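Q: Take a look at the following structure, please.
The values are calculated or read from the model by the stated rules, or taken from the named source; none is laboratory data. Just so it is clear, the model here is predicted, and its values are computed rather than measured. Here the Cβ positions follow ideal geometry from the backbone for every residue, glycine too, while neighbour counts run over all protein chains shown.
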Amino acid sequence: MTPATLPGTPGLLLRLAAPVQSWGERSQFNERDTAPFPTRSGVIGLLAAALGRKRGEDIGDLATLSLTVRADRPGTVLRDLHTVGGGLPAPRTVTTAEGKKRSGATATLLSHRYYLADAVFTAAITADSGLLETWAQALRNPHWPPYLGRRSCPPEGPLLLGLVDDPLHHLVHLPIARRTPTGTRTVDVVFHGDQPLDRLGTHPQPGGDDGSTPAGEVTDDPVTFHARERSYRARPRYQRTLTLPAERCRGLGAVYLTALGSYLDQHATRPESALA
């Protein structure tokens with residue numbers, strides 16, 4: 001059960017950006033998909049790695065968080081044809097469940113792995129204030145390297161933006177990692193959440209959904225990450241599109257990071273909120 005987010009509730013702001021990231025949603029066997037947004041299980045796994053939690057350890061505290069994600073740049077779906085075992089001598093080919101070695105045409109395993117290329121998301125995490133302090137410290141000094149969905153996807157640039165009051169307000173008003181469009185005064189920005197999104201603000205897309213009712217369901221709420229007993233719960237998925245001022249788009253790279261740092265210096269209300 002995730003908590004409701006009230007105005008003034010403290011939370012963590014994260015920047016989830018990388019050349020490629022992948023947030024598995026229904027992956028099985030040789031098909032490794034990615035959701036179009038960071039999943040609860042992926043973000044909880046990121047925090048668990050930072051905290052040094054081993055697979056099978058309790059994640060009950062992490063399961064209390066609420067996650068809201070802004071898609072600055074949704075990215076492009078990239079498919080990688082991945083091979084394992086091809087061209088190797090028989091003793092070094094893939095081992096079967098029975099402990100034998102594959103041979104002949106079965107010696108090479110093929111898998112399709114999907115990624116989001118050039119995507120950037122900004123995420124707000126809310127939970128008990130004491131937990132947030134612990135998680136923020138872990139993200140500043142992670143026990144294990146953080147990654148965005150898969151270990152092959154390390155984040156680029158700052159990951160933790162800070163611990164702030166009213167993170168959903170900042171999620172709407174933070175600079176957007178997107179080039180400023182020409183010929184328009186507004187841009188449409190998609191938000192994803194595990195709680196209703198009607199509390200995000202007063203900039204609804206004309207004729208659009210206010211995000212108060214689920215847009216679907218996704219099974220990404222982890223019960224355990226145990227290697228042999230991994231299991232997830234289904235939860236409602238909320239989505240909302242806000243029409244925001246185009247001037248909020250502040251470019252890419254160092255230009256964007258400078259604008260982001262300036263915003264946090266001016267508007268974040270907690271001393272922990274400096275760009276980390």
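Q: Can we say Gln266 is within 19 Å of the chain's Cα centre (by Cα) and not basic (Lys, Arg)?
A: Values: within 19 Å of the chain's Cα centre (by Cα): no; not basic (Lys, Arg): yes.
Answer is no for this residue.
Q: Looking at this structure, is Thr243 at pLDDT 90 or above, of a type in the set (Ser, Thr, Tyr) and assigned by TED's automatic domain parsing to the domain that holds Pro36?
A: Considered against the rule, which asks whether it is at pLDDT 90 or above, of a type in the set (Ser, Thr, Tyr) and assigned by TED's automatic domain parsing to the domain that holds Pro36, Thr243 comes out as yes.
Q: Looking at the structure I just gave you, is Ala123 touching a strand residue (DSSP E or B) at 6+ places or on another chain (Cβ under 7 Å) and part of a helix (DSSP H, G or I)?
A: Details: touching a strand residue (DSSP E or B) at 6+ places or on another chain (Cβ under 7 Å): yes; part of a helix (DSSP H, G or I): no.
Taking the combined requirement at face value, the residue does not satisfy it.
Q: Return the residues of the range 33-63 that are of a type in the set (Val, Ile, Thr) and modelled with pLDDT under 95; say none if nothing qualifies.
A: The answer is Thr34, Ile59.
Q: Can you go through Asp188, Asp221 and tell me which one is more than 18 Å from Ala48 (Cα to Cα) and among the charged types (D, E, K, R)?
A: Details: Asp221 fails: more than 18 Å from Ala48 (Cα to Cα).
Only one candidate qualifies: Asp188.
Q: Given the structure, is Gly211 of a type in the set (Gly, Ala, Ser), within 18 Å of Pro74 (Cβ to Cβ), in contact with a Ser or Thr (Cβ under 8 Å, 6 or more places away or on another chain) and not in a strand (DSSP E or B)?
A: On the way: of a type in the set (Gly, Ala, Ser): yes; within 18 Å of Pro74 (Cβ to Cβ): yes; in contact with a Ser or Thr (Cβ under 8 Å, 6 or more places away or on another chain): no; not in a strand (DSSP E or B): yes.
No: the conditions fail for Gly211.
Q: So, one more: Going residue by residue through the range 225-233, is there one that turns out to be in contact with a strand residue (DSSP E or B) (Cβ under 7 Å, 6 or more places away or on another chain), of a type in the set (Asp, Glu) and in the same structural domain as Val69 (by TED's automatic domain parsing)? Walk me through it before giving the result.
A: Let us first name the residues in the range 225-233 that are in contact with a strand residue (DSSP E or B) (Cβ under 7 Å, 6 or more places away or on another chain), namely 230-233.
Still in the running and of a type in the set (Asp, Glu): none.
Looking for residues that are in contact with a strand residue (DSSP E or B) (Cβ under 7 Å, 6 or more places away or on another chain), of a type in the set (Asp, Glu) and in the same structural domain as Val69 (by TED's automatic domain parsing), one finds none in the range 225-233, hence no.
Q: Name the residues in the range 172-188 that are surrounded by fewer than 23 Cβ atoms within 10 Å (Cβ to Cβ) and either hydrophobic (A, V, I, L, M, F, W, C) or closer than 26 Å to Gly130 by Cβ (or both), would you?
A: Initial filter on the range 172-188 (surrounded by fewer than 23 Cβ atoms within 10 Å (Cβ to Cβ)): 172-173, 175, 178-188.
Residues satisfying the conditions are Val172, Val187.
Q: Of everything in the range 247-276 that's in a helix (DSSP H, G or I) and at pLDDT below 60, which residue is surrounded by the most Cβ atoms within 10 Å (Cβ to Cβ)? I'd like the intermediate steps shown before the answer.
A: If we filter the range 247-276 for residues that are in a helix (DSSP H, G or I), which is where we start, we get 247-248, 253-267, 271-273.
Now drop any that are not at pLDDT below 60, which leaves 271-273.
Working: Pro271: 8, Glu272: 17, Ser273: 22.
Per the stated criteria, the residue is Ser273.
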